[in-house]
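Below is one structure, written out as structure tokens; comments come after it.
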């Protein structure tokens, strides 16, 4: 039928006609029409190629394709379940009512009900009385790094939670009193920022429009919403935390601890108030600690966007200008990267030995814009006379080096900025301007006065607020500080002595470098959300005043009266408006959650904790703070070991941020989601329009089909598999789908096993021993595999090598139990020998019972579901939940290396036979005759003992074991070399129609060739690398490589069949 998409004669051009047209005729068509017809031609060619292949298949009696399609269709139909099948009708909190096993794994059903039951039964509630009796080795205690209530958790949090819960479950299964304590952090700056953005976006209001009390109420609403969301996410992930001890860093209980800590540190002389330079964020209007500042290096002139400025701002240049010497024709030329700060200059420093300026020391300079004289001073610490002009401007209120110089010379400290970043009243004609607007205007004014001497590129490092990306301004502010020197020294000594261990130890150097060079910690923040500093400005009637620290106003009043020598009733007290740095309260978390400063049973029984697990990115923010605070306030380390996991990045290696559109909620992986829902989540966020566009594009490229439902167990397993990387994890969410398939394999294997065991099966340990004594190689092999998996998993868990624990359990279940043992015992369990059947079933049950317990810390839901389905388990194991059962241990009595060697040889032979089947395209129903040729006695004996197993596993009609030089091997065999001592011959007569297979393969080769040529053509167009997005290029490259590999495989098959035909 002719295409009707265009008008006139053009519309009547068919695909067939287009294929016959010359290039000149094609060029006369509209470009859009040319492009469309060209695509239609490509499609037609592919269909033709497929048709040739299909015709070849239909021309011979090869039912493989049709049979396989029909079988798959039937299998898929059998596995379909209704919505009712997936519903769980268990009353909330009760033990799950188990239905008949579904034909396939469905995480929604499997993971239902168990979490509520665990919680209702308080399996994870720690008994403090037991903890007080058992000693350090008999308990395991860990507090969760409390997530910020800024929003829902992302996959980085999911990794943290999975690691911690896996370790906790393993300790619990070793019989230890176990406490994994949950909580969330009020996150002062972070939470205030997101709520302010929300107010601006939804109501066009600032916090100042609302006032402090009303704004704080808005933040509490946010906390209630997202705190509940966080706990819901943790429950969905199966965390075995003690919910009865859940904490919030801004709760009344923990706020008492914060106040007490501040007062005690103040009374010890470790907290003081001083006016110093701080890192100031004009966007947030608050001071920041050194570790809340990010740095960016620029190599020269760079234009950058700055919050609250419409135009891009110039950085990375030195502006040179002159100050005139009063009463002289001389001038001093200086250079600065922050020209606006010249409005706060109070001096110019030169080196005392610099002959160019010696005669000017003590003279004064004329400031061109403000009524201020600048002294020329000599300072050999600040000035390098070989650098630049050898003259340095001094702005004590806005530069750390200048501040120190000013204190040495008793210089005036002139501040030029307001808290919002506007030029203040000390700036003359520039007062009221934004700081970088003033930079431009000062340059113009200097040029107008003939004082500008040029500009040069200058590499520099800019400090940025980690929350807002605003340029940090050093400002002179009165703040509260913690003297860290002594507690930092004790913290480093604890690691050097081995009393505190950092795992992996590659982070020890970072720990020492930071703490050995620590500066005092500014703990006050000019925010509204957070713990108000328990300090009061006490003023007496005689006008004298003093800052007083007290647990509450009454305590402060009594302290002030004593210090000022007046009656308490005569004093007026005003509490400091500032709040404490979030990390101050978080630093108390390991002991404040147990009731400190009260001497509670929980504090005695659970503190110090055993382990702290967290990301290495907050080693300074949080870990060091906790160690210092705990040593200062309890004289104890808060934990014995710190395990630092890697940072989670996206699959491209980028940091996960909302602005990139690569932040994924773990629930989106657990339950699945589509692209529209992912994009809608971005629409509902606080992103500005430009960020939203960029984020949406990133989401479309990475998740064009959304995210399939994987379940919590698959997510946990997938995350743990990544933990081999110490610093960064480039996480591809699609890899988690592979572990969902693993769950399905476990489900199907268990379903097969349970159907063979039957409801009446009762495991009897003495029968397992009989099976061992009987000594079937396959039974001993799988018991040896289980023994090795138990040994390796235990060792991996002890050493925090969780990826190895995943590998060990995955290998046992998938490659040894499912792929080998279950296949090998099918003839036995379906056979007539009752003893052999009993032995196999007891070994199978033992492998299920132990294998599920091995896997439980990693996959809690699926293992509980299958554990509870083991028939008559309570007759030998009355554990109510798998999470309370004993973790399997290896034993010399269950090591059978000889049997393992025999079966390994069996599997090598089987693998070679399977490869031959695939190489010659045999149908699943084909049962070829196999001849195994052995060149030495050991190989011959091993193969003889397991020939029946080889027959079963390779789906062969018979397997004949031959010694070299004995027996006859028929002609027309396919051959595969197993190893230096063994080779396999497969008789193909009557199983393969060589000519039909060659015709089919050549058709397939033609199709693949077209695909390869299509991609090569697409990727060779001019400026392909320039115009095509990198992600699309990567996808095209991978697809082309895939088609080339498929083409090579088909060509190899063609060669094999041609050899067989000629042979």
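Values in this text are rule-based calculations from the coordinates and carry no lab data. Remember, predicted model here, so these are calculated numbers, not experimental data. Heads up, the Cβs are rebuilt from the backbone with ideal geometry, glycines too, and the neighbour counts pull from every protein chain shown.
When you count the other C-beta atoms within 10 angstrom of each residue and take the mean per peptide, 878-891, 834-847, 446-459 line up highest first as 834-847, 878-891, 446-459. On full extension, the segment bounded by residue 366 and residue 99 gains 87.1 nm, given 0.36 nm per residue less the C-alpha separation.
Compute the acute angle (0 to 90°) between the alpha-carbon long axis of helix 994-1019 and the principal axis of greatest extent of the alpha-carbon atoms of the chain; round to the nearest 10°. Compared with the principal axis, the helix lies near 20 degrees. Normalising the average separation of contacting C-alpha pairs (under 8 angstrom, six or more residues apart) by the number of residues puts the relative contact order of the stretch 901-990 at 39 percent.
Across the stretch 273-299, the residues whose backbone nitrogen lies under 11 Å from the label position 7 Å along the beta-carbon direction of residue 308 are 281-286.
Cα centroids of the stretch 199-225 and the stretch 728-794: 55 Å apart.
The stretch 503-560 and the stretch 646-725 have Cα centres spaced 39 Å apart. Given contacts defined as C-alpha pairs under 8 Å and at least six residues apart, what's the relative contact order of the stretch 548-679, whole-number percent? Relative contact order comes out at 18 percent.
Rounded to the nearest 500, the helix-only mean residue ellipticity at 222 nm of the chain stands at -14000 deg cm²/dmol, with each DSSP H run of n ≥ 4 adding -39,500 (n - 2.57). Take every Cα pair under 8 Å whose residues are at least 6 apart in sequence, average their separation, divide by the length of the chain, and the relative contact order is 11 percent.
Using only Cα atoms and rounding to the nearest 10 degrees, what angle (0 to 90) does helix 435-448 make with the longest principal axis of the chain? Compared with the principal axis, the helix lies near 50 degrees. The packing ranking, built from the mean of other Cβ atoms within 10 Å per residue, places the peptides 152-161, 1022-1031 in the order 152-161, 1022-1031, highest first. Given their separation in residues at 0.36 nm each and the Cα-Cα distance between them, residue 1028 and residue 125 gain 319.5 nm when the chain is fully extended.
Summary of packing: across the peptides 848-855, 597-604, the per-residue average of other C-beta atoms within 10 Å ranks them, highest first, as 848-855, 597-604.
Centre-to-centre separation between the Cα atoms of the stretch 1013-1042 and those of the stretch 156-198: 43 Å.
Modelled spin labels at residue 814 and residue 329, positioned 7 Å past Cα toward Cβ, are 8.7 nm from each other. Given R0 = 25 Å, the distance between the Cβ atoms of residue 889 and residue 755 translates into a calculated FRET efficiency of 0.25. Bridges between two residues of the chain, per DSSP, are antiparallel at a rate of about 70%. Once you have a ≥ b ≥ c as the square roots of the Cα gyration tensor eigenvalues for the stretch 92-166, tell me rounded if a/c is under 1.5, and otherwise prolate or oblate according to whether a/b is larger than b/c. Taking the square roots of the gyration eigenvalues as a ≥ b ≥ c, the stretch 92-166 is oblate. Against the chain, whose longest principal axis is taken from its Cα atoms, helix 400-409 shows a tilt of about 30°. Extension gain, residue 741 to residue 694, is 13.6 nm, computed as 0.36 nm per intervening residue step minus the present C-alpha separation.
So for the stretch 901-990: antiparallel DSSP bridges make up what percent, rounded to the nearest 5? Of all bridge pairs located within the stretch 901-990, approximately 65 percent are antiparallel.
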